[in-house]
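Undergrad: Next up is a structure, given as structure tokens.
What follows is calculated from the coordinates using simple rules that are stated; it is not laboratory data. Owing to the predicted nature of the structure, the values given are computational and were not obtained by experimental measurement. When we count neighbours, we look across all protein chains shown, and the Cβ atoms used for this are built from the backbone with ideal geometry, even at glycine.
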Amino acid sequence: MKLMSVNAGSSSLKFKLYNMPSEEVICVGIFERIGQSIGKFEIEYDGKEIERDVEFKDHSVAVSYLLDSLIDEGIVKSLEEITGVGHRVVHGGEKFSASIKIDDKVIAAIEEVSELAPLHNPANLVGIHAFSKALPHASQVAIFDTAFHQTMSPETYIYAVPYEWYQKYGVRKYGFHGTSHKYVSLKAAELEGKNPNDINVIVCHLGNGASICAVKGGKSINTTMGLTPLAGIPMGTRSGNIDPAIIEFITTKENKSVKEVTDLLNKKSGFLGVSGISSDNRDLEDAVAKGSVRAQLAMDIQDKKIADIVASYFVYMGGCDVLAFTAGLGENSDRMRASICNRLSALGVKVDLERNNIRRKTTLISADDSNIAVYLIPTDEEIMLARDTFELV
Ligand code: AMP
């Protein structure tokens, strides 16, 4: 059975076509700059790579182009072969605690929670509409970034603010990156030869956006992102948690609106804000090599906050079997993994520097006498979309 996983952004669309249940990847690709005068289409299949500059007026045009290309390149003989499409949807609010087949009611519910993710959900919906139109015979499935965290308890997800904000507007912690946290925690259980119900895993998803998740017996019991992805640990350009009074203080000092300050917290903070150099870890590592104190400080702040969270989750979970690193930084930065592990030595975490000298490959990086097994586990959100779609189709 051929199934497509789709991640539609406001001007991009990533796709991967799988043969299921073997999980063989048939092709993978991306559209960029949809809606701009020159867009980009890239597809890889059968050892070949195609890259084209083409104008895509909107997502529907891009999806038609993709489906025509699948036929033209002989990747599929007929579009009828594609029996399902799994769509990443960022916010499912409290309405969705699992993936679901899309119908009009589901679309209405996704629209309803769009105010909680105004940049993401509308773009995800555009992708859903485009594929529903182009592949009317195929089942469309929604997989939510928030769903995995719906197992958190009220003491974890309710903020200590007027309770009416939760009742009236749904203000609570939702958490994101759920698909990644689920994939990595399942993989950790598999690597340890344990049933997911019998293992406690802390997953550090550290990319440009970053969050940590405590997965106890296969369920998310806490995570760092909140109502929005701005909360939690400092990231490439996001501040993570700060004293909320800073917002009013800066609006007054700099004569800015709350929206403008929130924008600065989203786009000009984190690595970029502290270093004044870049949001990208590689640039910071280069700057540190040239003696930049602020680049070092930006990295130290993030490493410290991550270690603080891991330590508190360790206590909250009643101990932890596996600490797992994933996403851009987690998979590539041996510096960062070592720095975090060293800060956790009081918990008996010991990294093996030789094992840690590795990139993007599933690897045990802890020493044999470490109290907690530490792994690098490359994430694979697309396969989770395909698996859930397969189950529902
Ligand atoms: P993501 O958002 O998951 O793509 O992660 C982006 C982050 O990963 C950026 O801060 C990159 O600098 C970092 N990253 C990617 N590749 C490397 C690498 N080879 N070494 C160090 N950091 C990396």
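Undergrad: What angle do you read, to the nearest 10 degrees and between 0 and 90, between the alpha-carbon axis of helix 381-392 and the longest principal axis of the chain?
TA: The angle comes out at about 50 degrees.
Undergrad: Further question on the same structure: Between 0 and 90 degrees, rounded to the nearest ten: what's the tilt of helix 59-72 against the longest Cα principal axis of the chain?
TA: That helix lies at roughly 60 degrees to the long axis.
Undergrad: Could you sort 82-95, 146-159 so that the peptide with the highest average Cβ count within 10 Å comes first and the rest follow in order?
TA: Final packing ranking: 82-95, 146-159.
Undergrad: How high is the FRET efficiency from N371 to S64, r the C-beta distance, R0 51 Å, rounded to 0.05?
TA: In this case the efficiency is close to 0.40.
Undergrad: Measuring from centroid to centroid over Cα atoms, what is the spacing of the stretch 97-113 and the stretch 194-222 in Å?
TA: Centre-to-centre distance over Cα atoms comes out at 25 Å.
Undergrad: Same structure again: Taking θ as phi - 60°, what are the ³J(HN,Hα) couplings along the stretch 116-128 by the Karplus curve (6.51, -1.76, 1.60), each to the nearest whole Hz, with x for Gly and Pro?
TA: Once θ is set to phi - 60°, the couplings for the stretch 116-128 become 7, 9, x, 8, 9, 4, x, 5, 4, 5, 4, x, 4 Hz.
Undergrad: Would you kindly state how much longer the chain becomes between D243 and K101 on full extension, computed as 0.36 nm times their sequence separation minus their alpha carbon distance, in nm to one decimal?
TA: 47.1 nm
Undergrad: Given labels modelled 7 Å from the Cα in the Cβ direction, how far is it in nm from S153 to K304?
TA: That separation, rounded to one decimal, is 3.0 nm.
Undergrad: Need one number: % antiparallel among DSSP beta bridges in the chain, to the nearest 5.
TA: Taking every DSSP beta bridge within the chain, about 70 percent pair in antiparallel fashion.
Undergrad: Expected output is a single nm value to one decimal: the length gained when fully extending between N342 and E115, i.e. 0.36 nm times separation in residues minus the C-alpha distance. What is it?
TA: Using 0.36 nm per residue and subtracting the Cα-Cα distance, I get 77.7 nm.
Undergrad: Highest first, please rank the peptides 195-208, 231-244 by the mean number of other Cβ atoms sitting within 10 Å of their residues.
TA: The packing order, highest mean first, is 195-208, 231-244.
Undergrad: I'd like the orientation of helix 178-191 relative to the chain: the angle between its Cα long axis and the longest Cα principal axis, in ° from 0 to 90, rounded to 10.
TA: 80
Undergrad: Mind ranking 101-108, 377-384 by how tightly packed they are, going by the mean number of other C-beta atoms within 10 angstrom, highest first?
TA: 377-384, 101-108
Undergrad: Express the relative contact order of the stretch 248-371 as a whole percentage, based on alpha carbon pairs under 8 Å and six or more residues apart in sequence.
TA: Rounded, it is 14 percent for the stretch 248-371.
Undergrad: Amide H neighbours of Q140 under 5 Å, counting only residues 5+ apart in sequence or on other chains, H built in-plane at 1.01 Å?
TA: Sorted by chain and number, the residues that satisfy this are V85, I102.
Undergrad: Compute the FRET efficiency between L353 and E254 as 1/(1 + (r/R0)^6), taking r as their Cβ-Cβ distance and R0 = 41 Å, and round to the nearest 0.05.
TA: For L353 and E254, the calculated efficiency is 0.40.
Undergrad: Which FRET efficiency value, to the nearest 0.05, do you get for K57 and K268 by plugging their Cβ-Cβ distance into 1/(1 + (r/R0)^6) with R0 = 41 Å?
TA: Efficiency computed from Cβ-Cβ geometry: 0.80.
Undergrad: From the helices alone, meaning DSSP H stretches of at least four residues, give me the mean residue ellipticity at 222 nm for the chain, per-run term -39500 (n - 2.57), in deg cm²/dmol to the nearest 500.
TA: -11500 deg cm²/dmol
Undergrad: Let me ask something else about it. Hey, can you grab everything whose amide H is under 5 Å from the amide H of V89? Only 5+ residues off in sequence or another chain; H modelled, so Pro and N-termini drop out.
TA: Those lying under 5 Å, H to H, from V89 are I143, F144, D145.
Undergrad: Express in nm, to one decimal, how much length is gained between I71 and E285 on full extension, taking 0.36 nm for each residue of separation and deducting their alpha carbon distance.
TA: Working it through step by step, the gained length comes to 72.6 nm.
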